[in-house]
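Taken together, the values in this text are just the output of simple stated rules run on the coordinates, not laboratory data. Predicted model, so just to flag it, every value in this text is computed and none were measured. Note that we place each Cβ from the backbone using ideal geometry, even for glycine, and neighbour counts take in every protein chain shown.
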């Protein structure tokens, strides 16, 4: 993905430190460039690359007013191949689907959208799995039905 990234130096005072930590939370490195920049790929090219690498493509926080399918495109492109859509923990079903009724036809999960350690686990998904492996996680997410605040 580095070939599709624009590298700008990070300013920790503006964007915070971008540490790499190990499993014991020891800082082992710091990323010197900003990680929030867009890639110079279309969303379809990105989806294709994810599948080439054997991953799952889940467009993030589609309900958000910035940096989302609804804010950038206003639609889910007909030809976009994805596993499930993700809503932020702040999604209100009625308001979002009133504004974008065509988004209601998809399966959703809700995640923390954590940009700070304290936000990790704010929202989560419970999956009913026959076996813990990638195939069963992928199938459970395909069938996902998220409960939202009204």
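With respect to the chain, whose longest principal axis is taken over its alpha-carbon atoms, helix 43-52 is tilted by about 80°.
Which of 109, 120, 36 moves most in a GNM of the chain, Cα contacts under 10 Å? Most flexible of the set in this elastic network: 36.
Fully extending the segment from residue 105 to residue 92, taken as 0.36 nm per residue of separation minus the present Cα-Cα distance, adds 3.1 nm. Largest GNM mean-square fluctuation among 33, 124, 90, using the chain with Cα springs under 10 Å: 33. Under 20 Å from a point 7 Å along the Cα-to-Cβ line of residue 58: which residues of the stretch 76-96 have their amide N that close? Hits in the stretch 76-96 for residue 58 at 20 Å: 76-77, 80-93. Ordered by the count of other Cβ atoms within 10 Å of each Cβ, fewest first, 57, 19 give 19, 57.
Taking other Cβ atoms within 10 Å as a rough exposure proxy, 107, 42 sort from fewest to most as 42, 107.
What is the Cα centroid distance between the stretch 1-77 and the stretch 96-117, reported in whole angstrom? Going from one Cα centre to the other spans 18 Å. If you take the alpha carbon atoms of the chain and fit the smallest convex hull around them, that volume is 152 Å³ per residue. Considering only 72, 45, 18, the mean-square fluctuation computed in a Gaussian network model of the chain, springs between alpha carbons under 10 angstrom, is largest for 18.
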